Amino acid sequence: MTADSEPALVREARRLLEAEAAAGFDDSSTPGGLSRWVAGQGRNVGSLTRLSQYSRLRPRTRQDLANKVLSDLGSNKVSPSVGRDAAAPVTVLPGVGATAEKRLAALSIQTVSDLLHHRPRRYIDHSSVVPIAEAEPGREVTVIGDVVEIRARPAKSGRVRVIEAAIADETGQILAVWFNQVYLAKTLRGRRNVAFAGRVESAAYDRQLTSPEYELDVHRMVHAGRLVPVYPLTRGLSQRQLRRWMALAVDAYATAVPETLGAAQRRAHGLPDIATAIRNLHFPVDSAAKEAAARRFAFAELLVYQLAILRRRRTWRESQPGRPVRIHRDALAAFGGQLPFTLTEGQRVAVAEVLNDLRRDRPMSRLLQGDVGSGKTVVAAGALHAIVGDGWQGAIMAPTEVLAEQHAATLRELLTPLGVRVELVTGSVPAGEKRRIWRDVEHGRVHVVVGTQAIIQRSARFARLNLAVVDEQHRFGVQQRGEIRSKGYNPHLLAMSATPIPRTLALTVYGDLDVSVLRELPKGRRPVKTSFVPNHRRGDAYAFIRREVTAGHQAFIVFPIIEESESLNARAATDEHKRLTRGTFADLADDVGLLHGRMSAASKERVMRAFRDGQIKILVSTAVIEVGIDVPNASIILIEGAERFGLAQLHQLRGRVGRGGQDSHCLLMSETADPRENARLRTLQTVNDGFALAERDLELRGPGNVIGTRQSGALGFRFASVTDLPTIQSARVDAEAVTRADPELTRPEHAGLAAAVARLLQRNEWN
Ligand code: ADP
Ligand code: MG
């Protein structure tokens with residue numbers, strides 16, 4: 001009998017055997033025992049006949065029998081999970097010791113369950129092994145061949161090491177290329193019969209596999225006869241090790257992971273149960289099985305996420321009422337009257353929306369989205385002025401000291417003439433002065449406090465805090481909101497973000513926030529002139545920067561994200577800084593600064609301040625300046641490896657210049673020769689709307705690139721995509737149904753969900 005001829009019976013047998021495993025092979029999976037069940041199926045049960053012995057055997061022997069039968073059925077093994085706890089630390093797995101534990105922790109894997117949810121980056125597909133001659137561009141393939149030549153060379157631009165290998169089989173030859181993994185030359189030199197898996201691209205003269213996975217032990221791969229998982233790794237951890245541990249974990253713990261989806265729910269969405277999903281995530285029988293597994297995890301993540309959002313919104317709205325603000329019309333007029341410019345239409349609408357929220361006895365939770373330079377600060381100032389006019393206090397928090405200083409200056413300009421006292425409290429303000437300020441805050445003599453997170457971390461007490469403004473909200477997460485509330489305030493909240501996200505998406509990602517959008521820039525702003533610079537004109541780009549600097553302006557040189565690792569990015573930027581200060585800009589060496597994510601917060605602040613104050617003329621940095629500083633004197637930004645950024649992200653980066661009156665420029669350097677890629681980058685020359693570009697990203701690069709990885713990372717999704725609207729919506733519908741039926745998730749069938757929601761709410765981004 002094969003799985004195809006009797007799928008229902010086999011499926012049922014498999015389900016029963018898994019239930020047996022879960023219960024420790026105590027023959028409780030079906031009334032009367034498994035032997036009776038087999039007898040009841042008639043004669044033609046094929047290899048299931050062997051199970052007629054089952055009830056008579058001892059549990060240990062039952063397990064062996066179950067696995068023999070399963071293997072005949074072409075299924076994965078099962079083992080008892082009774083008494084096993086998937087929340088146990090990874091060290092319960094044989095072979096995983098303290099060192100391995102530490103390394104796994106770097107991948108955020110602490111428990112066996114974390115390990116089981118570690119998502120393979122890809123799979124090496126035995127079924128897609130092709131002769132090299134047939135490796136067509138655009139396809140994911142595995143080729144098996146000999147490494148006939150391998151060498152490392154600097155890239156044309158000289159900042160990256162490229163490793164190139166020629167791979168040959170009897171049908172032909174193909175190029176494999178890696179970046180910055182110099183050790184590969186040693187690992188692969190002279191090797192024969194190596195499997196390489198990746199996407200075939202057409203390069204200038206040849207077809208090419210870019211950064212393919214490789215497997216030296218072809219024999220093992222081919223004869224494994226299945227999709228072999230390839231995991232994200234960390235230093236000191238090999239694929240082989242991780243696969244071995246994963247196999248152990250899957251065997252012993254797949255059935256011990258609590259189920260979060262009900263049977264009816266799984267049926268309705270066509271999703272597998274948790275144990276099956278875990279098995280098929282790591283060692284899938286075929287690619288449909290692995291996709292079903294991924295869909296299940298994505299759905300479950302979104303369901304838990306939506307449940308958490310619904311729960312939070314309820315507590316946020318119901319547990320503590322907000323305090324309504326009376327809006328005084330003359331105060332409003334006074335604010336508008338002394339602005340040095342007229343508000344844009346978008347700003348007017350946003351201010352109106354905010355004031356409407358403030359009038360209610362339910363605290364506002366509003367997200368104000370708008371391109372860099374769209375004038376969000378003025379909207380915040382209007383709101384702050386309105387609440388101060390009614391006798392309340394406000395606070396505004398920025399992710400860095402430099403940004404806080406900038407806000408303080410802006411708000412003082414706008415609000416001091418109206419009698420509003422604005423104070424700045426950051427780490428750099430002398431302690432004595434800070435104490436005085438806080439005393440005045442406590443007595444209500446300060447109206448608006450501007451600062452970094454320190455505002456809420458210290459034991460500050462406000463007399464009448466009723467509006468908290470959070471700038472660059474994606475850098476904050478929800479944690480700080482929770483912290484404010486935990487101090488006993490329940491203020492209105494205005495979050496501001498320059499990350500353009502289409503509106504529908506924002507509603508689902510920030511499910512508990514209302515959204516206002518500033519779509520246009522203030523009039524008279526000249527767009528940043530964007531040009532695309534081919535690699536051979538790099539010298540011209542540097543000459544351009546030199547001209548701008550000599551004319552008294554300042555420049556950014558932004559280094560791309562090469563790897564998912566912050567330390568590699570930092571190193572790349574550091575090398576670039578060295579190269580420039582010793583070469584091209586040697587004469588300006590003292591004026592060239594460096595900024596990257598690995599520097600201490602204090603050094604970062606120091607560098608940003610020096611750039612703001614004009615002591616640094618050229619700032620070499622990683623993309624950390626994305627949420628950066630407003631330096632009107634900066635007139636040019638050069639972005640390296642532009643092909644590695646999304647359009648919206650490039651747009652945000654170029655928004656760092658063009659804030660003064662002068663003409664400003666964005667130079668995009670790209671290392672690819674791919675005409676489609678270059679066409680994508682050229683859209684920046686004509687399109688100047690962050691939202692339009694975000695939508696373009698969605699079209700061109702697919703989901704996942706629309707909001708930065710940092711932001712989607714902050715949501716903690718490993719499977720779900722924040723752009724997968726259909727799944728988000730169906731999870732939302734289910735979450736609402738579950739919440740209606742069982743608001744506190746106390747029913748036994750919701751135990752798994754309740755635990756997952758609680759875990760999410762405990763994570764520090766939440767509160
Ligand atoms: P962002 O939205 O990036 O935070 P800002 O609030 O820093 O933007 O505003 C950018 C600049 O535009 C500031 O110098 C601000 O004074 C100016 N600005 C804001 N609104 C207007 C307006 N309606 N007309 C002219 N200039 C404006
Ligand atoms: Mg801003």
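The values are calculated or read from the model by the stated rules, or taken from the named source; none is laboratory data. Please read these numbers as outputs of a predicted model, since none were measured by experiment. Positions of Cβ are backbone-derived with ideal geometry, glycine not excepted, and every protein chain shown enters the neighbour counts. With ligands, DNA and RNA removed, areas are computed over all heavy atoms of the protein, side chains included. Shrake-Rupley method; radii C 1.70, N 1.55, O 1.52, S 1.80 Å.
Can you classify region 313-452 as rounded, prolate or oblate using the Cα gyration tensor, where a ≥ b ≥ c are the square roots of its eigenvalues, rounded means a/c under 1.5, and otherwise it's prolate if a/b beats b/c and oblate if not?
Working: a/c = 1.44, a/b = 1.18, b/c = 1.22.
Taking the square roots of the gyration eigenvalues as a ≥ b ≥ c, region 313-452 is rounded.
Percent of accessible area on region 171-262 owned by carbon and sulfur, 1.4 Å probe?
Values: 2200 of 4380 Å².
Accessible surface attributable to carbon and sulfur in region 171-262 totals 50 percent.
Nearest-5 percent of antiparallel DSSP beta bridges in the chain?
Here the antiparallel bridges make up roughly 40 percent for the chain.
So how do Arg159, Arg240, Arg295 rank on accessible area, 1.4 Å probe, biggest first, that is with the largest at the start? Can you show the working numbers first?
On the way: Arg159 40, Arg240 105, Arg295 125 Å².
Largest to smallest exposure gives the sequence Arg295, Arg240, Arg159.
Would you tell me the accessible area of Thr315, worked out with a 1.4 angstrom probe on the heavy atoms of the protein chains, in Å² to the nearest 10?
Surface accessible to solvent at Thr315 totals approximately 60 Å².
Mind pulling the angle between the C-alpha long axis of helix 287-314 and the longest principal axis of the chain? Nearest 10 degrees, somewhere in 0 to 90.
So the helix axis and the longest Cα principal axis differ by about 40 degrees.
Summing -39500 (n - 2.57) over the DSSP H runs of n ≥ 4 in the chain and dividing by its residue number, what mean residue ellipticity at 222 nm do you reach, to the nearest 500 deg cm²/dmol? Let's see the in-between values first.
Values: 28 runs with 316 residues, N = 767.
Result for the chain, helices only: -12500 deg cm²/dmol.
Is the chain best put as rounded, prolate or oblate by its Cα gyration tensor, with a ≥ b ≥ c the root eigenvalues, rounded for a/c under 1.5, and otherwise prolate when a/b is larger than b/c, oblate when not?
Oblate, because a/c is 1.5 or more while a/b does not exceed b/c.
Using every Cα-Cα pair within region 58-208, state what percent have a distance larger than 19 Å. Don't skip to the end; give the middle numbers.
Working: 7875 of 11325 pairs.
Beyond 19 Å sits 70 percent of the P(r) for region 58-208.
In square angstrom, rounded to the nearest 10, how much accessible surface does Arg312 have for a 1.4 Å probe?
Only protein atoms counted, so the area is about 20 Å².
Among Leu16, Ala381, Trp438, whose Cα sits farthest toward the positive end of the charge dipole of the chain (+1 at Cβ of Lys/Arg, -1 at Cβ of Asp/Glu, about the Cα centre)?
Farthest towards the positive pole: Trp438.
Using only Cα atoms and rounding to the nearest 10 degrees, what angle (0 to 90) does helix 7-23 make with the longest principal axis of the chain?
With both axes taken from Cα atoms, the answer is about 80 degrees.
Pop out the carbon and sulfur fraction of the accessible area of region 102-154 as a percent, whole number, probe 1.4 Å. Each step should come with its number before you reach the end.
Details: 1160 of 2600 Å².
So the carbon and sulfur contribution to the accessible surface is 44 percent.
Compute the relative contact order of the chain as a whole-number percentage, counting only Cα pairs closer than 8 Å that sit 6 or more residues apart in sequence.
11
Efficiency by 1/(1 + (r/R0)^6): what FRET value for Asp64 and Glu140, r their Cβ-Cβ distance, R0 = 35 Å, to the nearest 0.05?
Details: r = 38 Å, r/R0 = 1.08.
After rounding to 0.05, the efficiency reads 0.40.
Give the accessible surface of the chain per residue, rounded to a whole number of Å², with probe radius 1.4 Å and ligands, DNA and RNA excluded. Present the calculation step by step, with values, prior to reporting the outcome.
Details: 33530 Å² over 767 residues.
For the chain, the solvent-accessible area averages 44 Å² per residue.
Per the 1.4 Å probe, what fraction of the accessible area of region 621-689, in percent, lies on carbon and sulfur atoms?
Numbers: 980 of 2010 Å².
Reported share for carbon and sulfur atoms: 49 percent.
How far is helix 538-550 tilted off the main Cα axis of the chain, in degrees rounded to 10, range 0 to 90?
30
Among Ala165, Phe196, Tyr183, whose Cα projects farthest towards the positive end of the dipole of region 158-208, with charges put on the beta-carbon of Lys, Arg (+1) and Asp, Glu (-1)?
With unit charges placed on the Cβ atoms, the residue in question is Tyr183.
According to the square roots a ≥ b ≥ c of the eigenvalues of the Cα gyration tensor, what is the shape class of region 148-305, taking rounded for a/c under 1.5, prolate for a/b larger than b/c otherwise, and oblate for the remainder? Write down the numbers at each step before the final one.
Working: a/c = 2.37, a/b = 2.17, b/c = 1.09.
Prolate, because a/c is 1.5 or more and a/b exceeds b/c.
Starting from region 300-392, pick out the GluC sites (Glu not before Pro) whose DSSP state is loop and whose Cβ has at most 11 other Cβ atoms within 10 Å.
Details: sites: Glu301, Glu318, Glu345, Glu353; in loops: none.
Sites meeting the loop and neighbour criteria: none at all.
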